[in-house]
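The values are calculated or read from the model by the stated rules, or taken from the named source; none is laboratory data. Just so it is clear, the structure is predicted and the values come from calculations on it, not from any experiment. Methodologically, a virtual Cβ is constructed for each residue, glycine included, from the backbone with ideal geometry; neighbour enumeration extends over all protein chains shown. Note: accessible area is taken over every heavy atom of the protein model, side chains too, but ligands, DNA and RNA are not part of it. Shrake-Rupley method; radii C 1.70, N 1.55, O 1.52, S 1.80 Å.
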Amino acid sequence: MKAKKNKFLNFFTNSNFLLPIIGFVGVIALWWIIALFRGEMMPTPPEALAKNLDFILNPFYRRGPGDLGLGWLLLASLRRVLIGFLLGAIVAIPVGFLIGMNHTAWQIINPIIQVFKPVSPLVWLPIALAIFNSAEPSAIFVIFITSLWSTIMNTAEGVMNIPKEYLEVADVLEMPRWKQLFKVVLPASLPYIFTGLRISLGIAWLVIVAVEMLTGGVGIGFFVWDEWNRLNVSSVFLAVFVIGLTGLILDYALAQLQVMITHRPARG
């Protein structure tokens, strides 16, 4: 019994648990102080919690065509992000392999990447709307474009950083080119690929909120904009928490998938 109690106390006094809690308490305290000086607009943490209890306790309610719980809005945004992200990965990983293994392809494609990579994702939204004339495919297209660059560059870097000894052994064994790709190149570059995927997914989740604020419809981004227009800042704070927590869960899930596939600890 005493051993269990000590284990329980050690967990809660461990710096890995205690220090993040201190950080969050500091953020909430700062929010509270600002709210005391800006009480006409900003709620205090207890006031925000009280006003958001319906959203928290009933995330999947349906009270009309435009009145949905926060859970449904979150699922709509996640669906767009995952579709665009997976389409981006399907394109980006092969392109990364191509430019990582072929210098001519690198010379052709790398300048295109360097030109388009710094472009803000939201700049692609008017172009997407002109192409598709609809908000839903346009949002997915912006996520697709957003998901390309980090995955392409990290995949190419992984391929180019494969030790030459691996390929020399494959040549000595007279391994066919396609077999080298799947038996040597792919396994050795997987950590780089997953790093690129995690960066791309984080950016995609960041972008979808901004896109939905501009295009409207059902989604967590439109919820933020709609609540702000109603001057309901309490719900905006709730959305900030939900968006951040969801992004953390997405990154964690991808990191665990990396561990399962590569059998190596994920960084970050």
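Give all pairs with beta carbons closer than 8 Å in which a residue from the stretch 27-42 that is in contact (Cβ under 8 Å) with a residue 12 or more places away in the chain meets a residue that is open to solvent by 50 Å² or more (accessible area, probe 1.4 Å) and outside any helix (DSSP H, G or I); count only pairs at least 6 apart in sequence or on separate chains. Note: pairs meeting the criteria are Met41/Leu231.
Between Leu74, Leu122, Leu87, the distinction of being under 18 Å from Gly202 (Cα atoms) and modelled with pLDDT of 95 or more belongs to Leu87 only. Counted as qualifying within the stretch 97-170 are the helices (runs of 4 or more DSSP H) with 2 or more residues that are on the phi < 0 side of the Ramachandran plot, open to solvent by 20 Å² or more (accessible area, probe 1.4 Å) and charged (D, E, K, R), namely 135-160.
Taking the stated definitions as given, is Ile83 within 19 Å of the chain's Cα centre (by Cα), under 23 Å from Ile193 (Cβ atoms) and of a type outside the set (Gly, Ala, Ser)? Yes; evaluated as a whole, the condition is true for this residue. The single condition among (1) part of a helix (DSSP H, G or I); (2) open to solvent by 60 Å² or more (accessible area, probe 1.4 Å); (3) modelled with pLDDT of 85 or more that Phe12 does not meet is (3).
Close contacts from the stretch 198-226, counting a first residue that is within 12 Å of Leu250 (Cα to Cα) and touching a residue at least 24 places away in the same chain (Cβ under 8 Å) and a second that is among the aliphatic types (A, V, I, L, M) and assigned to a helix (DSSP H, G or I), with Cβ to Cβ under 7 Å and a gap of 6+ residues or different chains, come to Arg198/Leu254; Arg198/Ala255; Leu201/Leu250; Leu201/Leu254; Ala204/Val81; Ala204/Ile143; Trp205/Val81; Trp205/Leu250.
A single member of Ile56, Ile93 is assigned to a helix (DSSP H, G or I) and exposed (fewer than 14 other Cβ atoms within 10 Å of the Cβ), and it is Ile56.
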